[in-house]
Each structure stands twice: as C-alpha cells, then as structure tokens.
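For reference, the structure is listed below as structure tokens.
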Amino acid sequence: MQVTLAEKIYKLKKEKKAIILAHNYQRPEIQDIADYVGDSIELSRKAMEEKEAKLIVFAAVDFMAESAAILNPKKKVLLPSLGARCPMAQMLTVDEIKRMKALYPGVPLVLYVNTLASAKAQCDICCTSANAVRVIQSLNADTVLFGPDRNLAEYVQRKTGKTVIPIPEWGFCPTHLLFQPEDVRILKMEHPEAAVMVHPECTSEMQKTADFVGSTSQMCKFAKECKAKTFIVGTEEGILHRLRKDNPEKQFILAYEGAICPNMKLNTLDRLYVSLREEKYVITVPEPVARQARKALERMLDIPR
Ligand code: CIZ
Ligand code: SF4
C-alpha cells in the first residue's frame, strides 16, 4: 500500500514532537495537515502555548517565522521554503526608520508585524491588522509613525482620528493592491445580496466598497456571524479554503481571482515534508536584535484581545 505524503508528515511530526502552524493564506493541503491555522498573532500565541513542542514548522512567510523564533528562543522554528519572504517587509529599512525618527523626535513608532526583525528592534510596539486600531488607541499620543503598509496606516487613521504618518510613504502589499473596486461592482451585479469583506491592506477605494473591513481572523468571525449567504472576499485566496470549511452552507467569491501571494504559496507539501525530515530552514534572530524586537512584540501581546 502506498504511503501518502500526508501520512509521512503525520508520522514524522509525532516522532519529532513537532507542531505545524499554517497561516490562513497557505495552500489547502497545508492548512489541512496543520495543527493550527490562523493569522500571524494567533499563530505566535499558539507557538508560545505549545510548551511540549520543541520543533515548530511555521508554514507562512519569513517575518512570521522570525516573530515565532523571537518569542520562543528555546524552540527550533522552521520555514519550509527559504524563498517565502514578504516583499512588504523588505520595504522598510532601518535607515528609513532612523531618518523619520530624526524628523519626528518623540513620536512613537508602531510597526506592523510585516517587518524584518531589524526594523522591529527599532520600534515602540508592533501590531497586526487584527489589533492595529487597539494598539494605536493604547498609546498616549495624537501622532504616530506607522509602517510599512500605507493602506493600513490610512485605515487606522480613519478609525482612531489620530495622525498616522506612513513610513515609508508608499509601502504596500503587491497582492492586496491587485483588488480593484470595479471588480466588486461587477460581482455585485450578479450577487446583489452578497456581503463584501475587504482587508485593510487593500486601497482605501477598495475598502469603501466593503460592508466589513478587517483582518483574516476578523473576516472568519464576520462570515460566521453575518446573515448573508454569499460573500465577496478582498484578501489573499488561501482564506477561501478556511471560510468554506467553516461555513459549508455559504458561498465565498474572491473579488479578484488573481489575488494569490506567490511568496505564501512557495510552501508546498513536498517542501514541508523535507523541512520536517531535515529540520531546515532554521530561522534564527541574533541577540540583541531579538531582545529589542521581543519587547515590541510582547508589548503588543499584552494589549487585551
Ligand atoms: O496578520 C496576519 O496574519 C496577516 C498578514 C494578515 C491577516 O489579516 O491575517
Ligand atoms: Fe506579504 Fe502581501 Fe504576501 Fe502577506 S499577502 S505575505 S503582506 S506579500
């Protein structure tokens, strides 16, 4: 009898007492084999809660695995594909941070988790798209520097009424930028009753088409609670697998069918198997960068959910 790849992964995972964490944007077969599927903050928390696990396969992109490594210095964190790097995280350099800090002395710097560890080490507090509004509200300041996603910065400014200065001025997610408002208008002609859910990494024009703007975890909650039967979804296509699994009676349509993050999709089941077998690629963050970045991540995790 042929042993499937999934069976081999289950067996190895047990032998090595490993856990597999998969982001909401991962391929369906990876989501199905994972111990937990979630957004970056949910997965970071899971990595910390799993006291027994010494080995964590983090099926996502570089900055998420880095954050897990920073928060779990005693665990070995593996990224199945070294190429799985978020281009948005590359958009904010330490030099740019230093330049903006000099221009705005005393203004707190909030960084989206979609940043490199070296950038996180320079900031006051991190945030995700699920808690960005709460993080900014928690700060005793009317003006904040925020990076690297400009669309999320504008969203948070609208929600909090504070002045949110984007750093760099132009940071973006190439996948979320693909969504265009006209696609929603076209789909609405065919599905007038559909509820529209859009990620805050989309442009503000795209966000204006939405009934609900939120992170992937917030979308999962909204889809469960909302009475609508059909949803038009404005985020990376991997989320559809989870939405459909959790709500088999509802219909989910991607607002633009080309919205696929090529970096997230570099993790395949084959690569995950090899990663677990050969214990690669180990993600490490050197101290003292890790120490500084840990403070910013822990400060975020202390904000009540
Ligand atoms: O924080 C995350 O996991 C990201 C990048 C997206 C989301 O909305 O979950
Ligand atoms: Fe980065 Fe966008 Fe891909 Fe998320 S979807 S990993 S922000 S490129």
Read through the list (1) over 29 Å from Asn151 (Cα atoms); (2) polar (S, T, N, Q); (3) in a helix (DSSP H, G or I), then give the number of the only condition that Gln90 fails.
(1)
How many residues does the range 70-92 hold that are away from ligand 2 (no atom under 13 Å from the Cβ) and surrounded by 23 or more Cβ atoms within 10 Å (Cβ to Cβ)?
4
Residues being within 11 Å of ligand 1 (Cβ to nearest atom), charged (D, E, K, R) and in a helix (DSSP H, G or I) - total across the range 199-226:
0
Selection from the range 238-296 of residues that are among the aromatic types (Phe, Trp, Tyr) and away from ligand 2 (no atom under 16 Å from the Cβ)
Phe252, Tyr273, Tyr281
Among the candidates Val184, Val144, Val133, residue that is part of a strand (DSSP E or B) and more than 13 Å from ligand 2 (Cβ to nearest atom)
Val144
With respect to Gly214, is the statement that it is surrounded by fewer than 23 Cβ atoms within 10 Å (Cβ to Cβ), within 19 Å of Asn114 (Cα to Cα) and either within 16 Å of ligand 2 (Cβ to nearest atom) or acidic (Asp, Glu) (or both) true?
yes
Sole exception among (1) within 26 Å of Glu287 (Cα to Cα); (2) out of contact with any His (no Cβ under 8 Å at 6 or more places or on another chain); (3) surrounded by 24 or more Cβ atoms within 10 Å (Cβ to Cβ) for Glu52, by number:
(3)
The range 21-65 - residue that is in a strand (DSSP E or B) and touching a Ser or Thr at 6+ places or on another chain (Cβ under 8 Å) and, of those, farthest from ligand 2 (Cβ to nearest atom)
Val57
For residues in the range 121-171 being under 24 Å from Asp95 (Cβ atoms) and aromatic (Phe, Trp, Tyr), which is surrounded by the fewest Cβ atoms within 10 Å (Cβ to Cβ)?
Trp170
Using the structure shown, decide if Lys98 is basic (Lys, Arg), surrounded by fewer than 18 Cβ atoms within 10 Å (Cβ to Cβ), over 28 Å from Cys220 (Cβ atoms) and in contact (Cβ under 8 Å) with a residue 24 or more places away in the chain.
yes
Can you pull out the residues in the range 244-275 that are surrounded by fewer than 22 Cβ atoms within 10 Å (Cβ to Cβ), part of a helix (DSSP H, G or I), under 16 Å from the mean Cα position of the chain (by Cα) and not basic (Lys, Arg)?
Leu266
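Each value in this text was obtained by applying a stated rule to the coordinates, not by laboratory testing. Worth saying up front: this structure is predicted, and the values here are computed from it rather than measured. Virtual Cβ from ideal backbone geometry, glycine too; neighbours counted across all protein chains shown.
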